[in-house]
There are 2 protein chains.
Amino acid sequence: MNIVPMMRPRRLGKVNVPTVTLAHGGGGKAMKDLIDDVFVEAFDNATLAPLEDQARFDLADIAAHGDRLAFTTDSFVVDPLIFPGGDIGKLAVCGTVNDLAVGGARPLYLSCAVIIEEGVTIELLRQIARSMAETRAGQGCQIVTGDTKVVHKGACDKLFITTTGIGVIPDSRVLGAHLARPGDVVLVNGLLGDHGAAILGARGDMALETPIDSDCACLHELIEALLAASPNARTLRDATRGGLATVLNEIAAASEVTIEIDETHTPIREEVKGFCEILGLDPLYLANEGKIVAVVPADEAKAALAAMLAHPLGAGASAIGTVNEGEPGRVTMRTGFGGRRIVDMLVGEQLPRIC
Amino acid sequence: MNIVPMMRPRRLGKVNVPTVTLAHGGGGKAMKDLIDDVFVEAFDNATLAPLEDQARFDLADIAAHGDRLAFTTDSFVVDPLIFPGGDIGKLAVCGTVNDLAVGGARPLYLSCAVIIEEGVTIELLRQIARSMAETRAGQGCQIVTGDTKVVHKGACDKLFITTTGIGVIPDSRVLGAHLARPGDVVLVNGLLGDHGAAILGARGDMALETPIDSDCACLHELIEALLAASPNARTLRDATRGGLATVLNEIAAASEVTIEIDETHTPIREEVKGFCEILGLDPLYLANEGKIVAVVPADEAKAALAAMLAHPLGAGASAIGTVNEGEPGRVTMRTGFGGRRIVDMLVGEQLPRIC
């Protein structure tokens with residue numbers, strides 16, 4: 001468990017800082033030591049420990065939670081790796097947990113594959129691994145298997161993480177982007193655009209007086225509370241890349257309905273609005289990492305909203321709009337001035353490497 | 001499904017070649033078009049089609065195959081992307097299928113997350129996606145979910161792929177690196193080191209008269225045949241990064257036994273031996289992508305070897321050594337000259353980005 005002898009020290013001022021070398025990706029002793037020292041140490045659990053080529057678990061344990069398996073994967077390439085309110089490790093765990101949860105699944109098992117650029121410090125890796133471990137702690141899921149690759153300096157930008165998740169969907173729970181119906185109500189659980197603004201701020205593109213924190217959070221408990229209050233909820237989506245606007249467009253297209261939201265009920269921080277105005281961005285397209293869009297039947301909307309408001313991650317929840325008959329796939333916003341504008345699918349790219 | 005209008009053409013000679021732009025990673029319309037055009041087109045199946053945030057499948061279907069789930073992940077960063085005998089896509093599917101299969105699992109579902117460098121041609125992506133689809137075809141498993149990220153030019157080297165797999169382990173099948181016992185026989189299914197040699201050759205490090213093909217292959221059917229012939233097999237491992245030597249060291253350490261192999265029975269191509277001699281490499285550490293190491297009880301060794309030899313991917317199979325009592329974790333090789341040398345764990349790095 002002592003990897004110091006394996007590392008080529010890099011001089012930073014007067015201190016030798018242990019860094020990752022290509023030897024750590026070779027499949028041999030150096031890699032095993034790195035994995036033991038950084039990842040097994042942080043993720044410590046009985047399933048991961050044997051370090052076989054695969055994690056194994058009893059189907060009976062899974063079947064006790066529900067009747068269907070959910071399976072999701074995401075690569076994270078966020079720049080910078082550490083930002084106000086989170087880091088790439090927290091983002092990777094939350095992102096995968098949320099992708100399971102919006103399908104109605106309870107997250108059970110995560111895998112973690114890292115691609116590391118030669119020269120990254122071991123301390124940075126430890127910090128990210130600890131952050132992943134802390135984020136998943138208490139979420140009812142474990143990081144049970146992983147992989148480590150090291151590439152030459154210049155072949156990747158510091159660190160990319162791919163997390164994949166397995167969850168189980170309780171019997172009879174049915175959610176889908178195609179299930180929204182005219183009359184349904186559209187809810188969000190709080191302020192939109194904070195993650196995108198936090199990343200932009202952290203890149204130094206804007207000198208913010210007070211940095212905006214990313215909203216990065218695991219939402220499965222909020223979602224369980226929401227589904228208890230609204231058992232007939234139609235659709236849940238996390239509004240990540242592409243933001244609220246993209247999710248609404250996907251739901252409207254898949255369900256062949258029109259969605260109209262109300263600007264005055266759509267919660268966006270004043271700083272984020274100002275920020276976007278200066279940069280020429282539309283906050284409706286800014287990424288979130290702790291926000292869901294929920295479409296629920298009208299008669300369950302009040303209970304659903306109350307359930308969100310009662311949860312710490314839903315304190316800013318709001319009913320932002322309705323599902324209507326009309327041109328399939330169309331999304332509009334009633335503005336604060338009483339006008340109406342089309343909210344289209346994002347065509348170009350707003351912010352690269354936002355997650 | 002027409003992505004041409006979304007792409008910024010890049011001039012290559014006189015032809016405009018469509019390439020990936022940052023817009024393809026933005027989460028909006030361009031990304032959806034790219035995914036539809038390249039990945040959904042190639043991986044076409046009913047589970048993938050809805051493009052929800054997660055794939056879902058019935059636990060009852062899984063439970064019909066066995067009682068335990070196996071879960072494995074691997075990132076692939078091989079350079080070059082295309083090499084004799086394969087490409088990064090084939091490698092990613094085979095690598096994940098094999099990691100499931102060596103745990104005794106039948107591969108069922110794969111996910112595929114790609115990180116793409118801005119400027120990669122759409123045609124290259126199509127070629128890799130088609131290769132993944134062709135590789136998994138007939139393997140009984142499907143690519144059911146995925147993710148696409150695009151990074152700035154220079155932030156990654158062309159294309160990285162992370163595949164994650166779910167398989168199911170039939171009742172009563174127990175395999176593990178810690179289960180080798182003195183008296184057991186060690187088998188491999190054919191020539192060692194071809195993948196490592198193929199990659200080195202493809203990088204132009206050696207001007208080979210006849211290029212060596214990677215042995216990249218999905219081994220789960222060979223493994224099913226082997227396990228039918230040797231129901232008490234102790235350990236299966238695929239000898240990827242770090243090669244045969246690393247796998248034998250891991251088994252010897254986990255089982256607290258000594259393993260001795262015989263050089264004259266260890267199958268290595270003459271060209272690979274020559275290649276390694278010139279470059280100062282040891283072929284025992286060269287990566288394989290279609291070779292397993294199997295430890296089986298002595299009384300099942302003959303049947304196990306016959307089963308491998310009867311399979312097209314085991315035509316070069318050989319019993320290469322035995323498990324013995326002795327210093328735990330020690331691996332030795334009896335050389336062709338009658339001597340004996342220690343085969344240690346690889347300490348440094350032999351070949352970066354081999355897989």
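Here, each number is a calculation from the coordinates, and none is a lab measurement. Since the model is a prediction, treat every value here as computed from it, not as a measurement. Positions of Cβ are backbone-derived with ideal geometry, glycine not excepted, and every protein chain shown enters the neighbour counts.
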Check your understanding: How many percent of the alpha carbon pairs in region B:177-342 exceed a separation of 29 Å?
Key -> 16 percent
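Based on the Kirkwood radius over alpha-carbon pairs, what value in µm²/s does the Stokes-Einstein equation return for the translational diffusion coefficient of region A:39-95 at 10 °C and 1.306 mPa s?
110 µm²/s
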Point to revise | Long-range amide H partners of B:Arg68 with built H, under 5 Å | key: A:Leu59, B:Ile169
Study note, to complete from the structure: Protection proxy (average C-beta count within 10 Å per residue), highest first, orders B:177-188, B:81-92 as B:81-92, B:177-188
Revision key, fill the gap. Bounding extents of the protein assembly as shown in its principal axis frame from Cα atoms, largest first in Å, are 91, 53, 52
Point to revise | Helix B:243-255 axis, angle to chain B major axis (alpha carbon atoms, nearest 10°) | key: 60 degrees
**Study point:** Cα-based equivalent ellipsoid of region A:150-199: semi-axis lengths in Å, sorted from largest, via gyration tensor
**Key:** 36, 21, 10
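Based on DSSP, what percent of beta bridges with both residues in the protein assembly as shown are antiparallel, to the nearest 5?
Numbers: 99 of 125 bridges.
Counting DSSP beta bridges with both partners in the protein assembly as shown, the antiparallel share is about 80 percent.
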Practice item. Report the far tail of the P(r) of region B:4-169, meaning the percent of Cα-Cα pairs longer than 22 Å. Key: 43 percent
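Could you list A:Val38, A:Val272, B:Val93 in order of exposure, starting from the residue whose Cβ has the fewest other Cβ atoms within 10 Å?
Working: A:Val38 25, A:Val272 22, B:Val93 30.
Listed from fewest to most nearby Cβ atoms, that is A:Val272, A:Val38, B:Val93.
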Exercise for review: Count, for each residue of B:109-117, the Cβ atoms from other chains sitting within 10 Å of its Cβ, then give me the mean as a whole number.
Suggested key: 4
Practice item. Report the dimensions of region B:118-169 along its three principal axes from the alpha-carbon atoms, largest first, rounded to Å. Key: 42, 20, 15
Point to revise | Rg followed by Dmax, in Å, when region B:110-204 is reduced to its Cα trace | key: 18.7, 56
Exercise for review: Take the Cα coordinates of region A:148-259, assign each an equal point scatterer, and use the Debye formula without solvent to give log10 I(q)/I(0) at q = 0.11, 0.12, 0.17, 0.19 Å⁻¹.
Suggested key: -0.55, -0.64, -1.04, -1.15
Review point. What residues from region A:260-295 fall in the zone where the backbone N is under 16 Å from a label point 7 Å along the Cα-to-C-beta line of A:Phe337?
Key: A:263-264, A:277
Review point. What is the order of B:Ser172, B:Ser131, fewest Cβ neighbours within 10 Å to most?
Key: B:Ser172, B:Ser131
Practice item. Please average, across the residues of B:147-154, the number of beta carbons from any other chain that are within 10 Å of each residue's own beta carbon, and give a whole number. Key: 6
Study note, to complete from the structure: Computed ³J(HN,Hα) along region A:321-337: with the Karplus parameters 6.51/-1.76/1.60, θ = phi - 60°, integer Hz and x for glycine or proline, the list is x, 9, 9, 10, 6, x, 4, x, x, 8, 10, 10, 10, 7, 7, x, 8
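Under the definition of partner shielding as Cβ atoms of other protein chains within 10 Å of a residue Cβ, what is the mean value for peptide A:234-244? Walk me through the numbers on the way to the answer.
Numbers: counts 0, 1, 1, 2, 1, 1, 2, 7, 6, 2, 0.
Per residue, the number of nearby Cβ atoms from other chains is 2 on average.
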**Study point:** Which listed pairs, of A:Lys158/B:Lys158; A:Lys32/B:Lys90; A:Lys32/A:Lys149, have C-alpha distances above 20 Å, in listed order
**Key:** A:Lys32/B:Lys90
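222 nm [θ] for chain A, helices only, -39500 (n - 2.57) per DSSP H run of 4+, per residue, to 500?
Values: 9 runs with 94 residues, N = 355.
Counting only the DSSP helices, I get -8000 deg cm²/dmol.
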Practice item. Could you run the Karplus curve 6.51 cos²θ - 1.76 cosθ + 1.60 with θ = phi - 60° over region A:183-191 and give me ³J(HN,Hα) per residue in whole Hz, x for Gly and Pro? Key: x, 5, 10, 9, 10, 10, 9, x, 4
**Study point:** Kirkwood hydrodynamic radius of chain A, from inverse mean 1/r over distinct Cα pairs, in Å
**Key:** 21.4 Å
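Counting other beta carbons within 10 Å of each residue's own, what order do B:Met308, B:Met345 fall into, fewest first?
Numbers: B:Met308 27, B:Met345 20.
With the fewest neighbours first, B:Met308, B:Met345 line up as B:Met345, B:Met308.
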